[in-house]
């Protein structure tokens, strides 16, 4: 029965091929195929989930493999690994993808490349499902790259916009930089353990078969290199720059790929290869600190942005930082739990933003305002998501974030108190920027009346867009409760090691986190709703800091400086060297030299008998002189 | 359209049926000779018949050639391994020169490659208008030369066939080319002949250096341990390597490639980048490494430095080119660097990867040049600053160009990834091999090329396809016709097959590679 898992990535691939080759002309058939396939995949995933629950522990996990390449004793396979982690991901990915595809029916209705859009979505989902179902490192990398391709295609979906064309290239190249390390890590790992299969490698690590000299150092190196991949894909500092720009793509894409699923692949990868990471303290500490830093770093930027999607993008960065942090401090369950609950509310936030953009035709939050009255469903679902992400009990985000705090609290990573402080402060920033956004867009009195939107009636979105949002809102409220204390369903299903480990639930932490979140909301309301304080005045008062944040710490500028003067400078040097030194100097030069030599020789061939006679007698004279000495 | 499909199918199917029956009944059917004769025959018939039949004759024979290659691929006995379908006819007996043909797994890959590029090249040449007859005569002659070089086991004939391929190339570039075509043709030919001078000297050294006076590659590699002293090998190996390296555009002898491809007509660039260039890497394996194992072990780690320069330097240079074809040409130089780098690892993964990469580079380079040819045919310019926004007017061709670019940057699922992955697996493995090894530095350095490749490939995709439509004339452009799309799709599918399921091809290559490795005594 579990072999239906093969169909989960295969069906969307078939749907991609069908749409591209045959049904591109018909919007209805193309989107129909794509959505039906996704529904089937979702049902299959649920079936696998239910069936898996009834399996005894000894029969887990399920592993299928077919050989992909065999080189002497090294077997490279393509396969499927069904365990709680992959089940979590396939259910999540098919669910969000299904909702986003339904949403896209409305959102992309008037796009001329509607069918192409759906084919890309199918391809993306197929790649993502292939990624999460991988049973070995190489396959993980293969699908890792393929989701990158889909991300590239979808960010650049409106390729005629120069900004989109640049953004998709940037996303790909930045990811490639991470993949450089990732691939090196995979190769090193494969050569060290002479295997690529997760189970084989992890068994070897667990059994300590690799007790050679410096094996800890080797594992640390491998883990850090693998982490490079996660830093790229999950947009952690310093490779975070691509994600905000990725918002150039259609908004449903931002919801599916750049918030809920693909960007979480890095986090998933760390969880998947947790045996490697947890074998190295250095690696775990690095992971924790990079995650913690990204969390707070991105949250500060989110405070100052004006573009609704960019605010959400920085928020995604920050939340991904939380997940990475959680994994780094040993909170395996906490990290995955936050990944899942984040997928629901962040997808909802983006879909809500899409709904707003759909009717306002602008991304600038200052041009919006008071939308709650005109777009009730959007407004309320957005509020639910905002409460959830801010960590207000009893919404989903509260439970998962609390889990992370508990995990940090009980961890052994050096300086975990600092990390906890960072995490809590970030929670405050989160509710602050989130409700800044909410108040400005939905409650504030924006400038849209006097804008060009006078004759453009602001309307609620069609039901195809609203239904997915309502479903997600439901999940954003209730999902977290499955892991409430004494219930702990999630912890019992997904855990690392031999038995569930739930960090102790502390009331103190609950109080602190809710207090922090609430104070963020209150502060936001004072600034942006009640206007008790003026945000502008604060910004002016701390203007150097404000400018720094507004410009995202100038990191993009720094990178483009590096790219322009270092990489392209080097490229110009090579191109010049090739043209003038290698080609002009050596190749043409040697040609010219030979020609010149020929011309020189030609002068000797004068055709005058006197000259020849002179040479002959001269030579004889010289020979005679030499001989006579 | 229907006529073309029918022609292809009929000639392919009928010859496939006949050949697969022939090869079953007798083990001595000279299929490799047919592989060489078919393109010869094609150019002969084109010469005899009227001009309007030229392209049809070529298409028929190219389809037949494809079926020959597939029959060879199927009939090659993987379990038995070694050289098969061997045909040995003494030619100049006193000098030990034989008309000696035979293929092992590596050459079978090259046979398929040659026929694939021949077939797609024939279709790409459909739009040739000028001196049609002469063009197709030379085109098939070139293929015959390359095909002969790939299946020859006698160095004399190998050399003969190779020179046979270079001269038509000179004329193809010089007559049907564009831009500085005379200069480019001359430069290409002279540099290639410069390389073959080294080759020839190396061949003669082996011939006279051993007591058997044979040009038979099998014999030479068998006696190499006893007949050629380490000193002899250390002197002659680098000479042969560089001689072959020139064919594969090794730094600093690569500059024929950008100018040559920049000026050559589309199908000539395809053939050259696709099959002729690959011959360099192939012969290094087949001749230089096999016949001088000691020299190889001594020199390859150092020569690897040159190949890494190829990868990094050519990728960087590609970033700054302003002509679409020059980007593709530098990209081809860089990819040949991967091939040679894989060979330099002298390690089973690396060599497997190198062979797969040769094949992949052949297919992908042909695909790239073919799609550039179509784009050039529409936009009438290859200048990057004049192109832009073509995705809007050329959705199909643009899509294929994008897919080809992805194959170029080694995206998994397409052939490039398989080769590159194995090459780096081999390189890192060489670095792992106890003690200091130069590969500890070269492997990560070479891997940097995957980032650089992404940068230059995506740069041209962005410039050519994305953004607003740059020129008003571009709005009148129509998307590719059936004849233009067919060869591109064909090449793309070949690349896809290897990328999705490389096992049958790896199985094919594995045998001869491990034989070679154990012969050399490299790292297994």
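The values are calculated or read from the model by the stated rules, or taken from the named source; none is laboratory data. Only a predicted model underlies this, so the values are computations on that prediction, with no experimental measurement involved. Here the Cβ positions follow ideal geometry from the backbone for every residue, glycine too, while neighbour counts run over all protein chains shown.
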Residue by residue through region A:154-171, note down the ones that are closer than 23 Å to residue A:9 by Cα and surrounded by 24 or more Cβ atoms within 10 Å (Cβ to Cβ).
A:154, A:155
Could you pull out the residue among A:582, A:567, A:587 that is within 25 Å of residue B:312 (Cβ to Cβ), modelled with pLDDT under 85 and surrounded by 14 or more Cβ atoms within 10 Å (Cβ to Cβ)?
A:587
Considering only region A:395-423, how many residues are more than 24 Å from the chain's Cα centre (by Cα) and part of a helix (DSSP H, G or I)?
7
Would you point out the residue of region B:379-410, among those that are out of contact with any helix residue (DSSP H, G or I) (no Cβ under 6 Å at 6 or more places or on another chain) and surrounded by 24 or more Cβ atoms within 10 Å (Cβ to Cβ), that is nearest to the other protein chains (Cβ to nearest Cβ)?
B:406
Could you list, in sequence order, all residues of region A:489-532 that are crowded, with 17+ Cβ neighbours inside 10 Å and not in a helix (DSSP H, G or I)?
A:494, A:495, A:496, A:502, A:503, A:529
Flagged in region B:451-461 as at the interface with chain A (Cβ under 7 Å from one of its Cβ atoms), surrounded by 24 or more Cβ atoms within 10 Å (Cβ to Cβ) and more than 14 Å from residue B:330 (Cα to Cα), in numbering order, are B:458
Those residues of region B:415-444 which are closer than 24 Å to residue B:362 by Cα and either more than 10 Å from every other protein chain (Cβ to nearest Cβ) or outside any helix (DSSP H, G or I) (or both) amount to B:415, B:416, B:419, B:423
So how many residues does region A:412-465 have that are closer than 19 Å to residue A:400 by Cβ and modelled with pLDDT under 90?
1
Does region B:474-505 hold any residues that are more than 14 Å from chain A (Cβ to nearest Cβ), in a helix (DSSP H, G or I) and free of Cβ contacts under 8 Å to residues at least 24 places away in the same chain, and which are they?
B:476
Give me the residue from region A:118-177 that is in contact (Cβ under 8 Å) with a residue 40 or more places away in the chain and outside any helix (DSSP H, G or I) and, out of that set, farthest from the other protein chains (Cβ to nearest Cβ).
A:135
Residue by residue through region B:483-515, note down the ones that are closer than 30 Å to residue B:127 by Cα and in contact with a strand residue (DSSP E or B) (Cβ under 6 Å, 6 or more places away or on another chain).
none
Answer with yes or no whether residue B:193 is surrounded by fewer than 22 Cβ atoms within 10 Å (Cβ to Cβ) and within 20 Å of the chain's Cα centre (by Cα).
yes
When residue A:592 is run through (1) more than 12 Å from chain B (Cβ to nearest Cβ); (2) farther than 20 Å from residue B:186 by Cβ, the failure sits at (2)
Taking into account only those residues within region A:187-201 that are closer than 18 Å to residue B:418 by Cα and at the interface with chain B (Cβ under 9 Å from one of its Cβ atoms), which is farthest from the chain's Cα centre (by Cα)?
A:191
Does residue A:286 satisfy the condition of being at pLDDT 90 or above and surrounded by 24 or more Cβ atoms within 10 Å (Cβ to Cβ)?
no
Sole residue being more than 13 Å from every other protein chain (Cβ to nearest Cβ), closer than 30 Å to residue B:327 by Cα and in a helix (DSSP H, G or I), chosen from A:624, A:565:
A:565
May I ask you to verify whether residue A:528 is away from chain B (no Cβ under 14 Å), touching a helix residue (DSSP H, G or I) at 6+ places or on another chain (Cβ under 9 Å) and on the phi > 0 side of the Ramachandran plot?
no
Residue count for region A:24-75, restricted to those that are within 30 Å of residue B:399 (Cβ to Cβ), modelled with pLDDT of 90 or more and within 14 Å of another protein chain (Cβ to nearest Cβ):
3
Please list, ordered by residue number, the helices (runs of 4 or more DSSP H) wholly in region A:202-269 having 1 or more residues that are in the same structural domain as residue A:355 (by TED's automatic domain parsing) and at pLDDT 90 or above.
none
